[in-house]
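Below: one structure, written as structure tokens.
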Amino acid sequence: MKPIKLIFPLVLLFVGCSKYLDLKPDNRMAVPQTLADCELLLNDYSTMNTGFPSLGESGTDDFFIEPGNYEALTDMDEKNAYIWSNEPVLSDFQWQSTYKVVFVSNQILAVLETLPQKSGNDYKKVFGAAHFYRAFAFHQIAEVFCLPYEESKASAASGIPIRTRPSLEGNSLRSDLKTSYEQIIADYKIAAANLPVAENKKGRPARAAAYAALARVYLGMQHYEEAYKYADSCLRLQARLIDFNTLNASDEFPIQRFNTEVLFPATTGYSDLMQYYYARVSPELYESYADADLRKTIFFEPSYTDVSTYSITASYDNYPSGIFIGLTTSEAYLIRAEAAARLGRNTVALDDLNTLLKNRMETAAFQAVTADDPLALLRIILLERRKELVARGRRWADLKRLNMDSRFARELTRRVNGKTFTLKPGSLNYAVLIPQKVIDLTGMEQNKR
């Protein structure tokens, strides 16, 4: 069967203007009608697994850009994100490509509704996967373009546009943040109920990925009991970790793509700013790794311009095109460990932390972490989370949620061209501006400054 082409340009996702609806579809374009067609749509890796937003990660404290490299960057949106500028976001690619995943997912679900047979393993797998991809896309938009989730404020806070039908009619309006997260959770739960335990196709989610995704969402919402439960469910299905002692640190990118830890692979679009030849790991972060910690050589290498600084080679995609933001067992261990520590289950927290570290330290040098004080243990876990998930798209969301607790809040600073820029805890700038083209086309509310 020939690949399926979507009938309308992606820009239609954001507008309800009748002039766009008058456009005639190309007769050569096929309309998806069968379960097999839906499978083909899901198998489009470049659409469904890549191109997610990176502008949040551009503003984190895990890395810095040397002055000459900053001037060499050509993407003005990334340069502005790096210094938390209030200048409008010019490109709508990161928003568009993510909502294209939503559109394709909705198209698949609409086709499935028309099928006479709505049962069987193949049907359930496609049905679950479409809900998974839609939830994943919604969550990426929410984490970058919305303020952190606070239960007491979520009903009044601005969320994201929720589109659950492939219809091109109607304006794109922002839901409140509570409704947005309820949709994300509902989609992931449907995915978990329908996805198979095992999935042979690389790039496609299985049930453990849905559980890991729910754990990630609930951690960001600070719902620790649920985060613990779903991380635990994930690890009961898939708990494998890479022993970093088996990796070759001299390889340009030592971690293989689709490795045993990857539950669901996904990357941002190309990010010039975050490439290993520009981004340098924060000295504070680099020095936090012990000499026997293999991540220090697996994740970083001396930069080619200044051996006193270190480039980031931590890609779980094995290629520097975009940031890996997918789901992994290592993240699931850290979610369960943090949630356990916050819930007073210190034995579980220590077990999970040490299971991870045993696979990250030189074998002869590994010593199990011990901590009797709950706050001390939580601090260790949060530091290990930062060290483990560097360049994995989690720091921006972590900064937002941790800033709501004065014990972990951080003020970030950059110095560029003799000027100092600051991002304070609780700043409105933690919600990246929605691309100006989207605002102009839809009239939806822009993030406040």
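Find out how many positive minus negative residues lie around Tyr316, taking Lys and Arg as positive, Asp and Glu as negative, among other residues whose Cβ is under 13 Å from that of Tyr316. Walk me through the numbers before you get to the answer.
Details: positive: Arg257, Arg295, Arg392, Arg394; negative: Glu261, Asp317, Glu331, Glu388.
Net charge around Tyr316: 0.
When a/c reaches 1.5 or more, the comparison of a/b and b/c decides; with that in mind, is the stretch 165-225 rounded, prolate or oblate per its Cα gyration tensor? Before the final figure, lay out the partial values.
Details: a/c = 2.91, a/b = 1.30, b/c = 2.24.
Judged from the Cα gyration tensor, the stretch 165-225 comes out oblate (a/c at least 1.5, b/c at or above a/b).
Restrict the search to the stretch 403-449; then list the chymotrypsin sites (Phe, Trp or Tyr not before Pro) that DSSP places in a loop and that have at most 11 other Cβ atoms within 10 Å of their Cβ.
Values: sites: Phe408, Phe421, Tyr430; in loops: Phe408.
Sites meeting the loop and neighbour criteria: none at all.
Quick one: P(r) of the stretch 94-133 from all Cα-Cα pairs, 10 Å bins, percents rounded to integers, in order of increasing distance.
30, 49, 17, 4
State whether the stretch 408-449 is rounded, prolate or oblate according to the following rule on the C-alpha gyration tensor (a ≥ b ≥ c being the square roots of its eigenvalues): a/c under 1.5 gives rounded; otherwise a/b larger than b/c gives prolate, and the remaining case gives oblate.
On the way: a/c = 4.55, a/b = 1.86, b/c = 2.45.
Oblate is the answer for the stretch 408-449, as a/c is 1.5 or above yet b/c matches or exceeds a/b.
In Å², and per residue, what accessible area does the chain have when probed at 1.4 Å with the other protein chains present? All intermediate terms of the calculation are to be shown ahead of the outcome.
Numbers: 18760 Å² over 449 residues.
Per-residue value: 42 Å².
Return the inverse of the average 1/r over all pairs of distinct C-alpha atoms in the stretch 195-322, which is the Kirkwood hydrodynamic radius, in Å to one decimal.
Details: mean 1/r = 0.0605 Å⁻¹.
This gives a value of 16.5 Å.
With the calculation restricted to Cα positions, what are the radius of gyration and Dmax of the stretch 307-374 in angstrom?
When restricted to Cα atoms, the stretch 307-374 yields Rg and Dmax of 15.2, 43 Å.
How far apart, in nm, are two points set 7 Å out from the Cα along the Cα-to-Cβ line at Gln436 and at Glu169?
Simple spin-label model gives 3.4 nm for this pair.
Could you work out the local net charge near Tyr188, counting Lys and Arg as +1, Asp and Glu as -1, over the other residues with Cβ closer than 10 Å to its Cβ? Let's see the in-between values first.
Values: positive: Arg134, Lys189, Arg216; negative: Asp187.
Spelling it out: positives minus negatives among the neighbours equals +2.
For the stretch 359-439, what does the convex hull of the Cα positions come to per residue, in cubic angstrom? All intermediate terms of the calculation are to be shown ahead of the outcome.
Values: hull volume 13.7 nm³, N = 81.
Looking at the stretch 359-439, the number lands at 169 Å³ per residue.
Taking only Cα atoms of the stretch 253-327, what ratio of Rg to Rh do you get with Rh as the Kirkwood inverse-distance radius? Provide the component values of the computation, followed by the final result.
Details: Rg = 12.6 Å, Rh = 13.0 Å.
Rg/Rh for the stretch 253-327 comes to 0.97.
So if I restrict to the alpha-carbon atoms in the stretch 295-423, what is the Rg, and what is Dmax, the biggest pairwise distance, in Å?
Cα radius of gyration and Dmax of the stretch 295-423 are 16.5, 49 Å respectively.
Over the chain, what is the relative contact order in percent, taking alpha-carbon pairs closer than 8 angstrom and at least six residues apart? Before the final figure, lay out each step's value.
Working: 805 pairs, mean separation 89.3, N = 449.
The value is 20 percent.
On the protein heavy atoms, probe 1.4 angstrom, tell me the percent of accessible surface of the stretch 210-297 carried by carbon and sulfur. Walk me through the intermediate numbers first.
Numbers: 1570 of 3370 Å².
Taking all protein chains in place, the stretch 210-297 shows 47 percent carbon and sulfur surface.
Distance between Cα centroids, the stretch 220-296 to the stretch 138-178: provide it in whole Å.
Here the answer is 28 Å between Cα centres.
Quick one: angle between helix 207-220 and the longest Cα principal axis of the chain, in degrees between 0 and 90, rounded to 10, please.
Relative to the chain, helix 207-220 is tipped by roughly 70 degrees.
Determine Rg/Rh for the stretch 87-196; Rg is computed over alpha-carbon atoms and Rh is the Kirkwood hydrodynamic estimate from the same atoms. Could you put the intermediate results ahead of the total?
Details: Rg = 15.0 Å, Rh = 14.9 Å.
Ratio of gyration radius to Kirkwood radius for the stretch 87-196: 1.01.
Using the crude model of +1 on Lys and Arg Cβ and -1 on Asp and Glu Cβ, and no other charge, please compute the dipole size for the chain relative to its Cα centre, in debye to 20.
1040
With a cut-off of 8 Å between alpha carbons and a minimum separation of six or more residues, what is the relative contact order of the stretch 264-337 in percent?
Working: 91 pairs, mean separation 32.8, N = 74.
About 44 percent, as a whole number.
Just the ratio, please: alpha-carbon radius of gyration of the chain over 2.2 N^0.38 Å, N its number of residues. Don't skip to the end; give the middle numbers.
Working: Rg = 21.6 Å, N = 449, 2.2 N^0.38 = 22.4 Å.
With N residues counted in the chain, Rg over 2.2 N^0.38 Å equals 0.97.
Can you tell me the Rg and the Dmax, both Å, for the Cα atoms in the stretch 224-271?
14.4, 41
The values are calculated or read from the model by the stated rules, or taken from the named source; none is laboratory data. Treat the numbers as computed from the prediction; the structure is a model and nothing was measured. Methodologically, a virtual Cβ is constructed for each residue, glycine included, from the backbone with ideal geometry; neighbour enumeration extends over all protein chains shown. Side chains included, ligands, DNA and RNA excluded: accessible areas come from the protein's heavy atoms. Shrake-Rupley method; radii C 1.70, N 1.55, O 1.52, S 1.80 Å.
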